[in-house]
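Take a look at the structure below.
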Amino acid sequence: MNGETLQRIVEEIVSRLQRRAQSTVTLSVAQLRDADCPALFCQHASLRILLVDLPLLGQLADAETDDAAARKIHDALAFGIRVQLSLHSQLLPVIPVKKTGSSAGGIHR
């Protein structure tokens, strides 16, 4: 392999990584359950999941992986994929939260 060929290969790899870094895939929960996640994780750096329901949020908060969607979200996070969950505004009042002490500095489920 000569220097020019190697340079073209490196440029192609860099180009693909730059495209991936800017790429977000948006899926419904049903689409996520059916998705080929390893392929998605290779092509996209961000995952947006639309209209997540309360049971799935509960599974995520409790680190449960019984549901395929919850398992795939945990896998995405393990792969370093940025994950954004959107939910219907009507769910906000029913999401149970508790405030922790000031030393913890946050709100947790």
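Rule-based calculations on the coordinates, nothing more; no lab input. Bear in mind the structure is a predicted one, so any value in this text is a computation, not a measurement. Quick reminder, even Gly has a Cβ in these numbers, built from the backbone with ideal geometry, and neighbours come from all protein chains shown.
Identify, please: which residue in the range 20-31 is free of Cβ contacts under 8 Å to residues at least 24 places away in the same chain and more than 16 Å from Leu91 (Cβ to Cβ) and is, among those, surrounded by the fewest Cβ atoms within 10 Å (Cβ to Cβ)? Steps first, please.
Within the range 20-31, the subset free of Cβ contacts under 8 Å to residues at least 24 places away in the same chain is 22-23, 25, 27-28, 30-31.
After this cut, where a residue has to be more than 16 Å from Leu91 (Cβ to Cβ) as well, the list is 22-23, 25, 27, 30-31.
Values: Gln22: 9, Ser23: 12, Val25: 17, Leu27: 17, Ala30: 11, Gln31: 13.
Here the residue is Gln22.
If I ask for residues that are farther than 18 Å from Phe79 by Cβ and either outside any helix (DSSP H, G or I) or without any contact (Cβ under 8 Å) to a residue 24 or more places away in the chain (or both), which ones from the range 32-57 would you list?
Of the range 32-57, the ones farther than 18 Å from Phe79 by Cβ are 34, 50-57.
Hits for the range 32-57 are Asp34, Leu50, Leu51, Val52, Asp53, Pro55.
Filter the range 47-88 down to the residues that are among the basic types (Lys, Arg) and surrounded by 15 or more Cβ atoms within 10 Å (Cβ to Cβ), then identify the one that is farthest from Thr24 (Cα to Cα). Show your work before the answer.
Of all residues in the range 47-88, those among the basic types (Lys, Arg) come to 48, 71-72, 82.
Restricting the remaining residues to those that are surrounded by 15 or more Cβ atoms within 10 Å (Cβ to Cβ) gives 71-72.
On the way: Arg71: 19, Lys72: 16 Å.
Top of the filtered list is Arg71.
Kindly establish whether Glu4 is free of Cβ contacts under 8 Å to residues at least 24 places away in the same chain and exposed (fewer than 12 other Cβ atoms within 10 Å of the Cβ).
Details: free of Cβ contacts under 8 Å to residues at least 24 places away in the same chain: yes; exposed (fewer than 12 other Cβ atoms within 10 Å of the Cβ): yes.
Answer is yes for this residue.
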